[in-house]
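Before any comments, here is the structure.
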Amino acid sequence: MKAFTTMAYRQIKRFFRARSRVIGMFVNPLMWLIFFGLGWSKVFNFPMASALFGGVDYLSFLAPGITAMTIFNASFIAGISVIWDKQFGFLKEILVAPASRKEAITGRIFGDSIMAVLQGLIILLLTFTIASSLKFSGVLPMILIGFLLAVAFSSFGVSLALRMTSMEGFQMIMSFLMLPLMFLSGAFYPVETMPTWMQYLAYINPLTYAVDAARHVLVNAPATTATASIPGMPTVSLTRFSLTTDIGVLSMLALAFLVVAMISFERATIE
Amino acid sequence: MEYAITADNLVKKYGDLTAVRGVSFKVKKGEIFAFLGPNGAGKTTTIHMLVTLLKPTSGKATVAGHDVVKEPDKVRKKIGIVFQDPSLDRELTAYENMYIHGKIYGLSGDKLKKRIMEMLKFVELEEFKDRQVKFFSGGMQRRLEIARALIHEPEVLFLDEPTIGLDPQTRAHIWEYIKRMKEEHEMTIFLTTHYMDEAEQLADRIAIIDHGKIIAEGTSEELKKLVGNDVIYIRIANGKEGIKCLNADFIRGCKVLPDGRVRLEVVNAAEALPKLFELAQQNGIKILEVTYHRPTLNDVFLYLTGRELREESASGFDMAKIAVRRRYMR
Ligand SMILES: Nc1ncnc2c1ncn2[C@@H]1O[C@H](COP(=O)(O)OP(=O)(O)OP(=O)(O)O)[C@@H](O)[C@H]1O
Ligand SMILES: [Mg+2]
């Protein structure tokens, strides 16, 4: 356990040391929430609009997605610290230590994940002030969902970073993946109304299940679902999968990526 | 005799490049053993194989009685290492760096705290314990790395160019620590360097390594006996014939150096100098400057390879490395 707790401790300590980075992490999700969210919420302000978003207002539809997205961003980017450690040499110090590498890397991933979830939580609490149909009882289950998501993507980020030497390379891959994963997750618009080919891509996107689960637990489903009475306007349900499916898929992904990260770190050399 | 380190025909290839080509040596318990060699000789590669970070392409090595390939975990428990390049967490404080190291090596509680303070005191950094490492000078970082490597009381300590890029005062300090570690804790120390004075000051035995091979091994006295002769350097006026070697039966060896000086080997410099002046006068050569000395390790290296080991020859490279360290320090 010593390598696990020590590395988790180190990641958390480092996170709070870099204050500018902490503030920077909130800028991106807040931009989406405020400019994108408030902007579109005025467009979807007409009486029937809630039929498009499972019976709730647009901001309440968007908020769980933004929370999931924040956790996804924060956990993915945490992987870059592995490249940092390579360049500043700290990685050698861990590789030469007589401690279980599996434990060390898991500790690192858990430390990063805790910080990612914390960031998501702060964004979530902010969304409570502008979205009307969210329930506080969803916060606790959201922590669990967020943690699974964070473990999956920080493991992915760490495995990727272990194979790379430059931060620029990592950042390039990240910015290449970030937007498609976000747009294909159903965070901004429902999966149901996407073109069929996009729906298939959404189904293989881990983030889709996190967004779906977040809506399950966070949004107060309306007692009577509004149906669209305007010709051609679709009626969309709030969630796509059952909560069990969502959590099942997320748990499996988190575990799979964690195992990949462990194996990658076990094999890491300084060559 | 029990050995702290044994290396038997170690080879390391990086693709086509053979960095270490069959290195064998033994280090006794409690001994300071130095690898002395120029840049790119294979010193760091050898250390990395001994500390289990690189797998040898072939050959065998044991450290503290354990095979480095078959029992890496047992080796790791018993060694401490200061890498050539910085390896501290710069965002954390000196104390936190020490704490994390101690924890990972299985220490905890009051024992760990005590050890950390002892070691910080040993390298005279206790008053800076709560400062972030990124605000440390190069010398302070080096001292902290040494302190960190000692927390878990290793049996064998590896130091890869411990004083590279440091000012003379800091180097002297670090030499002092290294000597004290040997004396007070009977620690076995394996160090690499390309400073001959460092090897001479610290090491009980020295292996000279070049192009991945050990070309000579022994105490510094033994190595100097290889050259045997005294060495005279003269600077002569650049006459019609240019700068050439001098010939006479008392001159055992002669070489024109790249900087224009002429290097002569003689049995006894004190007796040879008058003869040399006479010879120069006869040949119409004007001597501008004379120095002579007992052979140094640099002369040994020159004798064995025909090249200089001296800092001059490496300084360009050194500066580049120092620049790299500096960059990281920002
Ligand atoms: N990871 C690597 N991949 C390819 N070649 C390498 C690698 N590391 C070292 N080399 C090469 O192996 C040779 C030996 O390098 P090494 O770092 O062991 O030398 P050194 O004696 O420590 O030199 P220095 O004084 O510069 O530290 C050099 O030619 C170097 O370029
Ligand atoms: Mg080296």
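The values are calculated or read from the model by the stated rules, or taken from the named source; none is laboratory data. In this text the structure is predicted, and so the values were computed from the model without any measurement. Don't worry about glycine lacking a Cβ; one is built from the backbone with ideal geometry, like all the others, and counts go over all protein chains shown. These accessible areas exclude ligands, DNA and RNA; they are computed on the full protein's heavy atoms, side chains included. Shrake-Rupley method; radii C 1.70, N 1.55, O 1.52, S 1.80 Å.
Below, the figures for the structure above:
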item: Too-long pairs where the Cα-Cα distance tops 20 Å, listed order kept, from B:Lys224/B:Lys275; B:Lys28/B:Lys179; A:Lys2/A:Lys92; B:Lys114/B:Lys134; A:Lys86/B:Lys213; result: B:Lys224/B:Lys275; B:Lys114/B:Lys134; A:Lys86/B:Lys213
item: Solvent accessible area, Å² - B:Asp8, 1.4 Å probe, full protein context; result: 90 Å²
item: Carbon and sulfur %, accessible surface of the range A:157-255 computed with the full protein complex present, 1.4 Å; result: 69 percent
item: Under 28 Å from the Cα of A:Lys135 - lysines, other chains or at least 8 residues apart; result: A:Lys42
item: Ratio Rg/Rh [Cα only; Rh per Kirkwood] for chain A; result: 1.01
item: Accessible-area composition of the range B:1-149, carbon plus sulfur, in percent [1.4 Å probe]; result: 48 percent
item: Distant alpha-carbon pairs in the range A:162-226 (separation over 14 angstrom), percent; result: 65 percent
item: Summed buried accessible area for B+A [probe radius 1.4 Å, Å², rounded to 100]; result: 2700 Å²
item: Between 0 and 90°, nearest 10: helix B:311-329 axis offset from chain B longest Cα axis; result: 30 degrees
item: Contact order relative to length of chain B, as percent, for alpha carbon pairs under 8 angstrom and 6 or more apart; result: 20 percent
item: With Cα atoms, 0 to 90° folded angle of helix B:94-104 axis to chain B main axis; result: 70 degrees
item: Highest to lowest packing among B:107-116, A:92-101, A:70-79, scored as the average C-beta count within 10 Å; result: A:70-79, A:92-101, B:107-116
item: Solvent exposure ordering (accessible area, 1.4 Å, most first) of A:Met233, A:Met252; result: A:Met252, A:Met233
item: Amide H contacts of B:Val20 (H built 1.01 Å from N, under 5 Å, at least 5 apart or other chain); result: B:Lys12
item: Rounded accessible area of B:His185 (nearest 10 Å², 1.4 Å probe); result: 110 Å²
item: Whole-percent carbon and sulfur share, accessible surface of the range A:14-121, 1.4 Å; result: 72 percent
item: 1.4 Å probe accessible area per residue over the protein assembly as shown, in Å²; result: 44 Å²
item: Dimensions (Å) - the range B:140-269, Cα atoms, principal axes, largest first; result: 65, 28, 28
item: Dimensionless Rg ratio for the range B:229-294, taking C-alpha atoms and the 2.2 N^0.38 Å reference; result: 1.00
item: Complex-versus-alone comparison for the range A:1-29, residues with a loss of 30 Å² or more in accessible area, probe 1.4 Å; result: A:Lys2, A:Thr6, A:Tyr9, A:Arg10, A:Arg14, A:Arg17
item: Accessible surface of A:Ile263 - all protein chains present, 1.4 Å probe, nearest 10 Å²; result: 80 Å²
item: Where A:Tyr209, B:Tyr14 fall by accessible area, highest first, once all protein chains stay in place (1.4 Å); result: B:Tyr14, A:Tyr209
item: The protein assembly as shown, Rg to Rh (Cα coordinates; Rh as Kirkwood inverse mean 1/r); result: 1.16
item: Degrees, to the nearest 10: A:58-78 long Cα axis against longest axis of chain A; result: 10 degrees
item: Shielded by partner chains, the range B:63-82 residues - at least 10 Å² of accessible area, 1.4 Å probe, vs chain alone; result: B:Asp73, B:Arg76, B:Lys77, B:Ile81
item: Quarter of Cα convex hull surface for the range B:3-220, i.e. mean projection, nm²; result: 11.5 nm²
